[in-house]
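S.K.: Okay, here's the structure, questions in a sec.
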Amino acid sequence: MIQQLRESGDERAAALVAGLPADLDGILDPHAVDRLLISVHTELQRLSEELRIGERLVHILGPLFAAIRATTGQPGPFRLVDVGCGLGYLVRRLAATNALGEDVELLGVDLDASLVGEADRLARAEGLDCRFVHGNAFALPKAATVYVSTGVLHHFRGPALARFFRAQAESPAHAFCHFDIAATGLAPIGAWIFHRARMRHPLGRHDGVVSARRAHSDETLLRAAAVPGIRPLLYEPRGLANPFCTTLRPVIGVRPQLEEPFRLALGRAARRLVGPEYLAATR
């Protein structure tokens, strides 16, 4: 791994990995890695809290579930699945506030078993009605009504990004809402300042800046999300947002019949919602 990082030009990451506990064969201590990931993700929860991601997610999801209820006429239950949930902060916050209603089941899914285990422990300690699963969010026995994520999209590059959206379009899901870093010129600078001030471990500081540099443009997200059966929408694109205040913003996908009810449910805020034609008109 260290050699791969060096070959990719990331000497800082290589040095961080080299400093982790390992056996005589150079194999990293899995328990130390798990502890580190939990520690860093605990600090990342502070980022979500300070950026009010939970409230911003509800601002979108409340109208989205209202549109789904009105369009389907179904009494529920509906299911929200958080892809790459980490320590499950968003799912736990939604459960604690009951912001989406009693008819919405809350499930967090992550490929890292240690993070899922800690998320489950926290939920049980807090007495929350939500669940966490280790595995692939798109291979669950029961599909989501709505998929969400925070800070996941920039990990997917090239064709993998389109495959991520295609997996949701090919599922029975009605919609998705994925918050990720806005690709502004100020993003790497802002990430460096914030992570230096708020993150204790060098890994968290390094990852924050790298993530900001990997952020996808508005055009890239809308193009990748334009898969068959989905109407891609972007909330607060660069042209409608203050670059000094924009940190994360969501790309949203809805089944075509949901768009108008969703806009109606958003009310005045629907003015900040644009499709691919907006970007074409601003070129």
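Each reported figure results from applying straightforward, stated rules to the coordinates on display, with no laboratory input. Computed from a predicted model, the values in this text were never measured in an experiment. Positions of Cβ are generated from backbone atoms using ideal geometry, with glycine treated the same way; all protein chains shown enter the neighbour counts.
S.K.: I need every pair where a residue in the stretch 161-172 that is farther than 9 Å from F138 by Cβ has its Cβ under 8 Å from the Cβ of a residue that is among the aliphatic types (A, V, I, L, M) and outside any helix (DSSP H, G or I), sequence separation at least 6 or different chains.
M.R.: Sorted first by the residue in the stretch 161-172, then by its partner, the pairs are A162/V227; F165/V227; F165/I230; R166/V227; A169/V227; A169/I230; P172/A143.
S.K.: All but one of (1) closer than 20 Å to L44 by Cβ; (2) touching a residue at least 40 places away in the same chain (Cβ under 8 Å) hold for A125; state the number of the condition that does not hold.
M.R.: The failed condition is (2).
S.K.: Sticking with this one: Any idea which of (1) touching a helix residue (DSSP H, G or I) at 6+ places or on another chain (Cβ under 7 Å); (2) among the small types (G, A, S); (3) in a loop (DSSP other than H, G, I, E, B) is the one S48 doesn't satisfy?
M.R.: Result: S48 passes all but (3).
S.K.: Identify all residues within the stretch 100-110 that are buried (at least 17 other Cβ atoms within 10 Å of the Cβ) and either small (G, A, S) or farther than 16 Å from I60 by Cβ (or both); write none if there are none.
M.R.: E105, L107, G108, V109, D110
S.K.: Across the stretch 129-168, which residue is surrounded by the fewest Cβ atoms within 10 Å (Cβ to Cβ) among those that are more than 17 Å from the chain's Cα centre (by Cα) and of a type outside the set (K, R)?
M.R.: Among those residues, the one meeting the criterion is P141.
S.K.: Just name the residue that is nearest to the chain's Cα centre (by Cα) out of those in the stretch 59-82 that are on the phi < 0 side of the Ramachandran plot and assigned to a loop (DSSP other than H, G, I, E, B).
M.R.: Here is the first cut: in the stretch 59-82, the ones on the phi < 0 side of the Ramachandran plot are 59-72, 74-75, 77-82.
So of that shortlist, the ones also assigned to a loop (DSSP other than H, G, I, E, B) come out as 74-75, 77.
Details: Q74: 27, P75: 27, P77: 23 Å.
Among them, the one singled out is P77.
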